[in-house]
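As structure tokens, the structure follows; a few thoughts come after it.
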Amino acid sequence: MRIISKFWLSTTIIAVLAANALAQSSTDAAQKLDEYMSRLAQFGFSGTVLAAKNDQIILNRGYGWADKENAIANTSETVFSTGSITKQFTAAAILKLEMQGKLRTEDGIGKYLEGVPEDKQAITLHHLLTHTSGLEPDDGGGNAPEREAFVQETLARPLASAPGKSFEYSNAGYGLLAAIIEKVSGQTYEQYLQENLFKPAGMNHTGYRLPQWQAEKVARWYVGERANGSPLGRPFPNWTTLGSGEVLSTTSDMFKWHQALAGETVLSAAAKKKLYTPVFRNYAYGWDVVQSPYGLLITHDGGNTLGVGADFRRFVDSSVVIMAFCNDGGETMLLGEARRNITRLVFGKEVEMPPAVLAVDSTALAQYLGTFVLPSGAKLVVANKKRQLVLNADGQEAFNLLHGTSGSNFETLNARVANMIAASSQGNHSLIHEAFKDDVPLEMVKARQDKIWQDWRARFGEYRSAHVLGAAPEGEEDKLTYARLEFERGHVFMQYYWGPMRLAGMRAIPAPPGKSFLPQSSREFVAFDVPTATAMQLRFNMNSGSVSGLTLSSKSVETVASKLP
């Protein structure tokens, strides 16, 4: 009996020590992740991050602003758009209907949708769920308030490939699934999800409109200084996103959803086997299922150009769940180095932290304001904004310096924009029409531009001149050119958006975006690019107690600019 007692005591001690070590490891990971996110927020990240290990939440916290205008901070209960993570809800609803005996994933869509053309008769629900229907890829944009009009418009489009032969990511395909859910269940898409998925999972803060959101709880959308409103202000219902995107939720509710999927609260084991079995390109039913360095990963992400970023990662073998929602900068902000570093930190790996910065009173920054000239004659204009210094570029060398770019193609775009403005100011808009590659009729371009110039002259007087400030990259292939148009009584800043082959858009903006630098000491400042995790150092040079110039350092390259009197 004594031997048994000693054995029991030893194993108990070992178990307690192991549990304490695991708890300490989780605490350390949470503290480092919180520090990383807090530093990231100083450089523009805005959202909420949840991390859990062994079914225990180790961090669930908001960073940045849900509403900049009213100074409402993000919290663990802030409501975000889940983007394309919505698709796995649609897939779960289809499988729930199959469990209820109301449909089969092998059924053709013609069994549930009227007027299916001959070339689409072979499409099954399984094809729609796995993006193998052959429907053309689409971006989910636009507004379609009527279900049947959306269905018929989608079915009228030509196929990109034969059903079942290739992977073509289709938001419209998931919209068709949402329409089938409504037809089969006799309820709206959102009502069916509320009653059959969300309520059983204990999710009270997930849906489109049924939760009757308090506006201040819902994160507004931003891209830097550009405010894009609230998801509650979007048209609803909108069948271009219904079933494929924009379900609203919180990190807390989404963790409840993970727990429901881990058991059989919502879906049976047989249904979940279908949910997680990949078909093409590791895509199953609304989920990517891949092998990662940390074991099996079930995941999906999403976002839009208005500021939404969403990421849901379930590391099955490691019993780790990570989710992050972002309401400023979207996928660009969230799904690069930030996502990789969040994952590393949760798994106890070391990462390079974003730079530490100081809080400095705005009056201390006044001595650094002014215009600094580069060797080429291009200028860097230093301004003070919210206790940060902002460098604005004037000239292509300055744009290249701030954006880490080079190449003659920017100068070519600058010259093209200068010619477009000069011609347009005289009433000749043919160069703009040519830049659009005939995607917009000449008559429409002429009518729009004539009206714009008429309005400018009414507000600011006669046109004087234009100055092309420079061009910068936008994403992997696109570019933006900025220009300032001078009038008698003011000026207008213009932004020209260039796609790979043509002009994609043009608009007036308050001012070109600058690069923000935060203080690290009385004379040293740092900018940090969240998507690429790269830093740029700014140091002011002094002469006899006065600022004489500045030095910018990035990737071991230093550039000096002299201050103009």
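Please determine whether any residue of the stretch 170-187 is charged (D, E, K, R) and part of a helix (DSSP H, G or I). Lay out the reasoning, then the answer.
Initial filter on the stretch 170-187 (charged (D, E, K, R)): 182-183.
This time we only want the ones that are part of a helix (DSSP H, G or I), so: 182-183.
There is at least one residue in the stretch 170-187 that is charged (D, E, K, R) and part of a helix (DSSP H, G or I).
Just one of Leu135, Leu176 is under 20 Å from Ser84 (Cβ atoms), without any contact (Cβ under 8 Å) to a residue 60 or more places away in the chain and aliphatic (A, V, I, L, M); which is it?
On the way: Leu176 fails: without any contact (Cβ under 8 Å) to a residue 60 or more places away in the chain.
After applying the criteria, what remains is Leu135.
So for the stretch 241-260 (the condition being part of a strand (DSSP E or B), assigned by TED's automatic domain parsing to the domain that holds Asn60 and surrounded by 17 or more Cβ atoms within 10 Å (Cβ to Cβ)), does at least one residue qualify?
Of all residues in the stretch 241-260, those part of a strand (DSSP E or B) come to 248-249.
Then drop every residue that is not assigned by TED's automatic domain parsing to the domain that holds Asn60, which leaves 248-249.
Among the residues that remain, those that are also surrounded by 17 or more Cβ atoms within 10 Å (Cβ to Cβ) are: 248-249.
Yes - at least one qualifying residue is present in the stretch 241-260.
Return yes when Phe540 is part of a strand (DSSP E or B), aromatic (Phe, Trp, Tyr), closer than 17 Å to Asn384 by Cβ and modelled with pLDDT of 95 or more and no when it is not.
On the way: part of a strand (DSSP E or B): yes; aromatic (Phe, Trp, Tyr): yes; closer than 17 Å to Asn384 by Cβ: yes; modelled with pLDDT of 95 or more: yes.
So Phe540 fits the description; yes.
Just to be sure before I move on: is Ala511 in a loop (DSSP other than H, G, I, E, B), within 31 Å of the chain's Cα centre (by Cα) and in contact (Cβ under 8 Å) with a residue 60 or more places away in the chain in the structure I sent?
Working: in a loop (DSSP other than H, G, I, E, B): yes; within 31 Å of the chain's Cα centre (by Cα): yes; in contact (Cβ under 8 Å) with a residue 60 or more places away in the chain: yes.
It is true that Ala511 is in a loop (DSSP other than H, G, I, E, B), within 31 Å of the chain's Cα centre (by Cα) and in contact (Cβ under 8 Å) with a residue 60 or more places away in the chain.
Name the residues in the stretch 345-378 that are farther than 16 Å from Gln42 by Cα, in contact with a helix residue (DSSP H, G or I) (Cβ under 6 Å, 6 or more places away or on another chain) and not in a helix (DSSP H, G or I), would you?
Gly348, Val351, Leu374, Ser376, Ala378
Which number in (1) assigned to a loop (DSSP other than H, G, I, E, B); (2) surrounded by fewer than 19 Cβ atoms within 10 Å (Cβ to Cβ) marks the one condition that Glu153 misses?
Of everything listed in (1) assigned to a loop (DSSP other than H, G, I, E, B); (2) surrounded by fewer than 19 Cβ atoms within 10 Å (Cβ to Cβ), Glu153 misses just condition (1).
Between a residue in the stretch 464-482 that is under 13 Å from Ala398 (Cβ atoms) and in contact (Cβ under 8 Å) with a residue 24 or more places away in the chain and any residue that is in a strand (DSSP E or B) and of a type in the set (S, T, N, Q), which pairs come within a Cβ distance under 7 Å, given they are 6 or more apart or on different chains?
As it stands, the answer is Val468/Thr481; Ala471/Thr481; Tyr482/Gln495, since those pairs meet every condition given.
Return yes when Tyr283 is more than 15 Å from Leu197 (Cα to Cα), surrounded by fewer than 21 Cβ atoms within 10 Å (Cβ to Cβ) and in contact with a strand residue (DSSP E or B) (Cβ under 7 Å, 6 or more places away or on another chain) and no when it is not.
On the way: more than 15 Å from Leu197 (Cα to Cα): yes; surrounded by fewer than 21 Cβ atoms within 10 Å (Cβ to Cβ): yes; in contact with a strand residue (DSSP E or B) (Cβ under 7 Å, 6 or more places away or on another chain): no.
Spelling it out, it is not the case that Tyr283 is more than 15 Å from Leu197 (Cα to Cα), surrounded by fewer than 21 Cβ atoms within 10 Å (Cβ to Cβ) and in contact with a strand residue (DSSP E or B) (Cβ under 7 Å, 6 or more places away or on another chain).
If a residue counts only when it is surrounded by fewer than 15 Cβ atoms within 10 Å (Cβ to Cβ) and assigned by TED's automatic domain parsing to the domain that holds Gly461, which helices (runs of 4 or more DSSP H) contained entirely in the stretch 392-444 have at least 3 such residues? Break it down into steps so the answer makes sense when it comes.
Numbers: elements: 396-403, 409-425, 430-435.
Fully inside the stretch 392-444 and qualifying: 409-425.
Return only the number of the condition from (1) closer than 24 Å to Gly142 by Cβ; (2) at pLDDT 95 or above that Arg234 does not satisfy.
(2)
Select from the stretch 198-222 the residues that are touching a helix residue (DSSP H, G or I) at 6+ places or on another chain (Cβ under 7 Å) and not in a loop (DSSP other than H, G, I, E, B) and write down the one among them that is surrounded by the fewest Cβ atoms within 10 Å (Cβ to Cβ).
Ala215
Among what's in the stretch 223-232 and is in contact (Cβ under 8 Å) with a residue 24 or more places away in the chain and crowded, with 16+ Cβ neighbours inside 10 Å, pick the residue that is farthest from Thr82 (Cα to Cα).
Ala227
I need a count of the residues in the stretch 131-147 that are of a type in the set (Asp, Glu) and either at pLDDT 95 or above or over 25 Å from Ala162 (Cα atoms) (or both). Explain how you work it out, then say what you get.
Going through the stretch 131-147, the residues of a type in the set (Asp, Glu) turn out to be 136, 138-139, 146.
Still in the running and either at pLDDT 95 or above or over 25 Å from Ala162 (Cα atoms) (or both): 146.
Total satisfying the criteria: 1.
Restricting attention to the stretch 547-559, which residues are touching a residue at least 40 places away in the same chain (Cβ under 8 Å) and loosely packed, with under 14 Cβ neighbours inside 10 Å? Break it down stepwise before answering.
Step one: list which residues in the stretch 547-559 are touching a residue at least 40 places away in the same chain (Cβ under 8 Å), which gives 547, 549-550, 552, 554-555, 559.
Within the stretch 547-559, just Lys555 meets the criteria.
What residue, of Ala91, Ala73, is hydrophobic (A, V, I, L, M, F, W, C), crowded, with 20+ Cβ neighbours inside 10 Å and either out of contact with any Ser or Thr (no Cβ under 6 Å at 6 or more places or on another chain) or outside the structural domain of Thr241 (by TED's automatic domain parsing) (or both)?
Values: Ala73 fails: crowded, with 20+ Cβ neighbours inside 10 Å.
Residue meeting the stated conditions: Ala91.
The values are calculated or read from the model by the stated rules, or taken from the named source; none is laboratory data. Remember, it's a predicted structure, so these values are computed and weren't measured experimentally. Positions of Cβ are backbone-derived with ideal geometry, glycine not excepted, and every protein chain shown enters the neighbour counts.
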